Amino acid sequence: MKKLVWVRRSSQVLFLLLFVYILWSTTYPLKGLISPEIIFKIDPLIVFLTSLSERVLLPGLLFSLGMILMTVVFGRFFCGWVCPLGTLIDWTGASGLSKRELRDKTNARIRKIKYFILALVTVFAVCGVQIAWVFDPLVIMARFVSLNFIPTVTLAFDKMFIALIQHFNLYGTFYDFYRALKSTLLGVNAYYFSNSAAIFVFFLAIIASTLLLSRLWCRTLCPLGALYALTAKLAFLERKVTGCLRCGICKSDCRTGAIREDTGYAKGECVVCMDCLYDCPAGATSFQWRLRSTKAKQVTSSAKGISRKDFIFLLSSALLLSGFKNRFRWMKGRTNSFTGSVIRPPGALKENNFLERCIRCGNCMKVCITNGLQPVTLESGMEGVWTPQLVPEIGYCEYHCTLCGNVCPTGAIPKLPEAVKQKTKLGIAHINRSICIPWSQNESCIVCEEHCPVANKAIKVRESFVAENKILRPSVDELLCIGCGICQKVCPVQPVKAIRVSPQGAMRS
């Protein structure tokens, strides 16, 4: 019985289901038992580097430090027992197509790449630019689950239930069951996200990479894995080999290529999967606790990862790039020139700070009750890719909803009380009188005024007389308008709306 392997697999399934549950259950109103913020509070790469780039202390620092301390005790357990992306990579690699063995020197060379990536994102953070979200596995997984998996599954099941009910006339108990699901599991209304194809392809490429080499992403590219690998070299739990038959089975089966040809192993690369413990025909492999005061020489040798030459190169690169800090700030100052048409969520940080704080996890977009929050393509420049923007023609900002701020893990969108949020401007609506029905066709239309949620109506209707006919014509009170976009959503003029919201006058934190 491979008891520890089964425990590890159970742990992977448990944390994967928990991960999906946390994201799935976060709907309006907020009903989930666990806040989605916890996912990213246990992610030291995101917490540390976002704090560094923004020069702030995020509330998840203690959780992330806890994960680092657990890695010092158990080794790189997160990658093999907890990480949901690592779980899917393992399941894909179970096909056996990636069973390929590399020589020690080749393995050592390709493993260095992730340390360079970690150094790169750290240097950028020092310079005030946060790019850790591009490579972070929890962000990548959360974005896929929120913007691809959940919308696809809920839409597919919804269409299936509707087809069954209509085709077989199941309007009794089965219909009641469907209605119950609509208020719970199928209650997610976000069926469409722009850029979802690109997000899916990026995710799929990472998963499929394991078909080339087992855990290729984890051993070669993942900077969170690199951070844990550096910490795991000090771990108290370590692998021991006595009475080895030199059969090489453990090396060929090692999913991260951590085991070397001399039966030793790269301690920082071991994800504590426990496969080698049971694959060894002689039972020569074991995992034991190490006292820090003993065998210091072995600890030093096992900690070998980046050479002195590489370390000096990384250090000099960091010092060189830190000299460009003002250059980065100048470039960031140009960001505002890209934001003329981008409407950010209510109370979002000022643009430069928002771009550094937002980790593109997709939480806010997934929970948006109207599906109005969509990922940006290039509307705010390369720096703004996959950040959220409000697209009123898809969905407006619900007047009573504050969920996007409540689920933002980094504070890029602040938590606003409902009363404050209702007075927070996202922008201002403008009427194009050349195509507005009452102004251009002299026919009454007050759809925008009827739907305006502001208590004193930010859209006013005034009477005008044309050939003795009374016409009701709308106008925008810019002092009252909060730019929620519902007027643009419901405007009947097509294909270009006669009333549109611009980010002009938006209240940013």
- Item | Any hit, segment 25-35, residues being assigned to a helix (DSSP H, G or I) and at pLDDT below 90 | yes
- Query: Can you tell which of Glu449, Glu463 is of a type in the set (D, E, K, R) and either open to solvent by less than 80 Å² (accessible area, probe 1.4 Å) or outside any strand (DSSP E or B) (or both)?
  - Reply: Glu449
- Item | Among the candidates Phe236, Phe200, residue that is among the hydrophobic types (A, V, I, L, M, F, W, C), open to solvent by 20 Å² or more (accessible area, probe 1.4 Å) and closer than 21 Å to Phe19 by Cα | Phe200
- Item | Any helices (runs of 4 or more DSSP H) falling wholly within segment 200-294 and containing at least 1 residues that are under 25 Å from Asp136 (Cα atoms) | 223-232
- Item | Every residue from segment 162-196 that is assigned to a helix (DSSP H, G or I), out of contact with any helix residue (DSSP H, G or I) (no Cβ under 9 Å at 6 or more places or on another chain) and open to solvent by less than 80 Å² (accessible area, probe 1.4 Å) | Ala163, Ala180
- Query: What single numbered condition from (1) surrounded by 18 or more Cβ atoms within 10 Å (Cβ to Cβ); (2) in contact (Cβ under 8 Å) with a residue 40 or more places away in the chain fails to hold for Thr242?
  - Reply: (1)
- Item | Search result, residues across segment 398-414 that are touching a strand residue (DSSP E or B) at 6+ places or on another chain (Cβ under 9 Å) and either part of a helix (DSSP H, G or I) or without any contact (Cβ under 8 Å) to a residue 40 or more places away in the chain (or both) | Cys404, Gly405
- Query: What single numbered condition from (1) out of contact with any His (no Cβ under 9 Å at 6 or more places or on another chain); (2) under 25 Å from Leu155 (Cα atoms) fails to hold for Tyr396?
  - Reply: (1)
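Residue by residue, here is whether (1) β-branched (Val, Ile, Thr); (2) on the phi > 0 side of the Ramachandran plot; (3) open to solvent by 70 Å² or more (accessible area, probe 1.4 Å) holds:
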{"site": "Leu14", "(1), (2), (3)": "no, no, yes"}
{"site": "Ile46", "(1), (2), (3)": "yes, no, no"}
{"site": "Thr50", "(1), (2), (3)": "yes, no, no"}
{"site": "Val56", "(1), (2), (3)": "yes, no, no"}
{"site": "Gly66", "(1), (2), (3)": "no, no, no"}
{"site": "Val82", "(1), (2), (3)": "yes, no, no"}
{"site": "Gly86", "(1), (2), (3)": "no, no, no"}
{"site": "Gly93", "(1), (2), (3)": "no, no, no"}
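The values are calculated or read from the model by the stated rules, or taken from the named source; none is laboratory data. Just so we're clear, the structure is a prediction, and the values are computed from it rather than from any experiment. Note: ideal-geometry Cβ built from the backbone for every residue, glycine included; neighbour counts use all protein chains shown. Accessible surface areas use protein heavy atoms only, side chains included; no ligands, DNA or RNA. Shrake-Rupley method; radii C 1.70, N 1.55, O 1.52, S 1.80 Å.
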